[in-house]
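The values are calculated or read from the model by the stated rules, or taken from the named source; none is laboratory data. If you're wondering where the values come from, they're calculated on a predicted model, not measured in any experiment. So basically every Cβ, Gly included, is an ideal-geometry build from the backbone, and we count neighbours across all protein chains shown. We work out accessible area using only protein heavy atoms, side chains counted, and drop any ligands, DNA or RNA first. Shrake-Rupley method; radii C 1.70, N 1.55, O 1.52, S 1.80 Å.
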Amino acid sequence: MTYNQQIIDNYRDIKWVAQKHPGRFLDVMECFSQNQYDCKTWLLDCLNQYPYHFKNKTQDSVDISILGGWYGLMAKLISDNLKLKPIRNIYSYDFDSIAIKIGRKFFPQVEFIEQDITELDIGNTSSSIIINTSCEHIDQEMLYKSVDSAPTNTLFVLQSNNFVQIQQHINCVKNLDEFQQQYEGRLDKVRAYEKDMGKYTRFMIIGVKK
Amino acid sequence: MLTVYCVNWGTKYSRDFTTTLKESLQKHLTVPHDFVCYTDNPTEEYDRPVRYPYLRGVWHKLALLEHTGDSLFFDQDIEINSNVDFLCNDFDKFSVLDSTPWKPKNIPLLEFRMTQNTLVNSSVMRWSNHAHIFKKFQKHRDMYLRLYEGIDRYIYNEGIEHTAIKTDKITSWYQKIDKSAIVLYNGKYK
């Protein structure tokens with residue numbers, strides 16, 4: 001293993017979590033697990049190839065919102081690896097104040113916003129791209145509300161799965177068809193994907209708000 | 001009128017557990033009461049369907065706190081051996097059991113805190129007007145389900161105001177004490 005300053009900094013931050021927020025230590029480890037990383041880099045690979053026009057795509061740079069951003073891994077990966085468009089601002093929304101605090105420690109370049117996404121009016125944000133990788137955790141009506149409140153041509157990237165055994169998963173879908181059908185009246189120019197995760201399958205759709 | 005609740009969700013406990021609990025209470029709780037079982041498979045007249053089908057297992061216990069009025073809750077995996085009228089007081093406080101008598105004493109503090117461990121046990125609960133506890137849970141349900149294995153850890157680590165019942169009339173099978181009024185078989189049935 002080649003050590004560098006970044007790795008040393010990471011260990012320092014992990015130690016800080018253990019000391020200041022020990023009850024979050026395992027949750028942080030889960031957020032930065034191989035599975036989480038694989039699902040989010042898969043999203044980036046697909047998003048970078050999205051071919052269609054969306055809101056403000058012709059501008060020099062765009063704002064991006066991550067809904068349910070947890071400790072900020074998705075925001076950080078997007079910030080470092082999005083090739084589709086230059087990023088002006090990247091916002092990571094979560095109602096969890098401790099997650100926000102830890103996220104800011106890990107990724108100071110990301111703008112973390114403490115807000116319940118079920119109360120967020122996307123129409124009042126400047127974001128051209130909305131990313132939600134935890135649809136299986138959220139009531140379907142709330143997901144519809146987030147799409148409906150967004151301006152036309154906003155680009156949505158949504159992930160869900162069929163992993164019903166997890167107690168937080170209250171809104172799984174059976175397959176990719178079901179996931180696509182949920183949004184066929186709301187999103188246009190849809191690209192749909194699935195990824196075998198072993199115990200379950202992860203689904204993703206990328207589409208533009210009608 | 002006192003209401004006594006239990007929950008039988010999923011396949012972990014057969015109907016026999018609920019029947020035994022009901023019959024034990026008829027024998028050992030002399031305070032007039034109604035017996036209600038919340039279940040995902042209602043078959044008896046005292047059964048009620050669970051109110052939140054998307055919840056799993058023990059989290060249905062927390063949903064019972066929506067009910068107001070003098071209330072007791074008992075887990076399925078307990079044995080009632082003698083009179084339990086001693087529980088019928090202090091309904092104005094939300095009460096659970098003090099689990100320190102059977103908790104391992106050698107858990108390092110850091111491990112205890114990292115695993116969001118707990119010193120309370122909800123095999124028996126008592127309340128009257130505490131719907132706010134479930135309301136708080138529902139507001140950020142996804143986070144609590146992610147952080148906590150069960151409601152004991154939620155209650156203890158989220159600073160839910162509670163009273164811990166300390167009595168030698170309620171023991172755990174871990175303590176190897178025979179025939180207290182209530183013996184908990186917590187963790188015995190997987």
Please name the residues of segment B:26-59 whose accessible area, counted over protein heavy atoms with a 1.4 angstrom probe, falls by no less than 50 Å² between the chain alone and the full protein assembly.
B:56
Determine the calculated [θ] at 222 nm for the protein assembly as shown from helices alone, applying -39500 (n - 2.57) to every DSSP H run no shorter than 4 residues and normalising by the residue count; nearest 500 deg cm²/dmol.
-8500 deg cm²/dmol
Am I reading the B/A interface right? What is its buried accessible area, both sides, 1.4 Å probe, to the nearest 100 Å²?
1700
From other protein chains only, count the Cβ atoms within 10 Å of every residue's Cβ in B:137-146, then give the mean.
5
Grab the other residues whose beta carbon is less than 12 angstrom from that of residue A:44, score K and R as +1, D and E as -1, and report the net.
0
Which value, in Å², gives the accessible area per residue of segment A:5-209 when a 1.4 Å probe is used on the protein heavy atoms?
45
Note, ³J(HN,Hα) from phi for segment A:139-151, Karplus 6.51, -1.76, 1.60, rounded to Hz, x at Gly and Pro:
4, 4, 4, 5, 5, 4, 4, 5, 6, 5, 7, 8, x
Normalised radius of gyration for segment B:16-71, please: alpha carbon Rg relative to 2.2 N^0.38 Å, two decimal places.
1.21
From the P(r) of segment B:1-94, can you give the percent of Cα pairs sitting at distances over 22 Å?
25
Percent relative contact order for segment A:5-209, counting Cα pairs under 8 Å at least six residues apart, stands at 17
Diffusion coefficient in µm²/s returned for segment A:1-88 by Stokes-Einstein, Kirkwood Rh over C-alpha pairs, 37 °C and 0.692 mPa s, is 216
Using only the Cα atoms of the protein assembly as shown, construct the convex hull and provide its projected area averaged over every direction, in square nanometres to one decimal.
22.5
Out-of-range pairs (alpha-carbon distance over 32 Å; input B:27/B:188; A:199/B:93; A:145/B:12; B:136/B:176; B:135/B:166; A:101/B:135)
A:199/B:93; A:145/B:12; B:136/B:176
I want to check the label-to-label distance for residue B:28 and residue A:177. Put each point 7 Å from Cα in the C-beta direction and report it in nm to one decimal.
5.4
Of the accessible area of segment A:5-209, computed with a 1.4 Å probe and all protein chains kept, carbon and sulfur make up a percent value of 45
Calculated FRET value between residue A:38 and residue A:14, using beta carbons and R₀ = 30 Å, to 0.05
0.90
Residues in segment B:156-174 near a label at residue B:106, defined as backbone nitrogen under 20 Å from the 7 Å Cα→Cβ point?
B:174
Going by alpha carbons, how many degrees (0 to 90, nearest 10) lie between the helix axis of A:5-20 and the longest principal axis of chain A?
80
Could you work out, for segment A:5-209, what percent of all Cα-Cα pairs fall into each 10 Å distance bin, beginning at 0 Å and stopping at the bin that holds the largest distance?
8, 36, 38, 16, 2
Given B:158-171, B:2-15, the highest-first ranking by average Cβ count within 10 Å works out to B:2-15, B:158-171
Where only protein heavy atoms count, and the probe is 1.4 Å, what is the accessible area per residue for chain B in Å²?
49
Taking the alpha-carbon distance from residue A:85 and a cut-off under 16 Å, which lysines remain once sequence neighbours fewer than 8 residues away in the same chain are dropped?
A:55, A:57, A:76
Round to a whole number: what % of the accessible area of chain B belongs to carbon and sulfur, probe 1.4 Å?
50
Aspartates and glutamates whose Cα lies under 17 Å from that of residue A:20, excluding same-chain neighbours fewer than 8 positions away:
A:9, A:96, B:111, B:158
With the cut-off at 20 Å, report for segment A:65-167 the share of all Cα pairs above it, as a whole percent.
38
On a 0 to 90° scale, report how tilted helix A:34-47 is relative to the longest principal axis of chain A, with both axes built from alpha carbons and the result rounded to the nearest 10.
40
Segment B:149-165 - phi-based ³J(HN,Hα) in whole Hz, Karplus 6.51/-1.76/1.60, Gly and Pro as x
6, x, 6, 4, 6, 4, 4, 6, 8, 9, x, 5, 5, 8, 10, 9, 6
Kirkwood hydrodynamic radius (Cα pairs, Å) of segment B:44-190?
16.3
Ordered by residue, what ³J(HN,Hα) values in Hz, to whole numbers, does segment A:173-184 give under the Karplus form 6.51 cos²θ - 1.76 cosθ + 1.60, where θ = phi - 60° and Gly and Pro are x?
10, 6, 7, 5, 4, 4, 4, 5, 4, 4, 10, 5
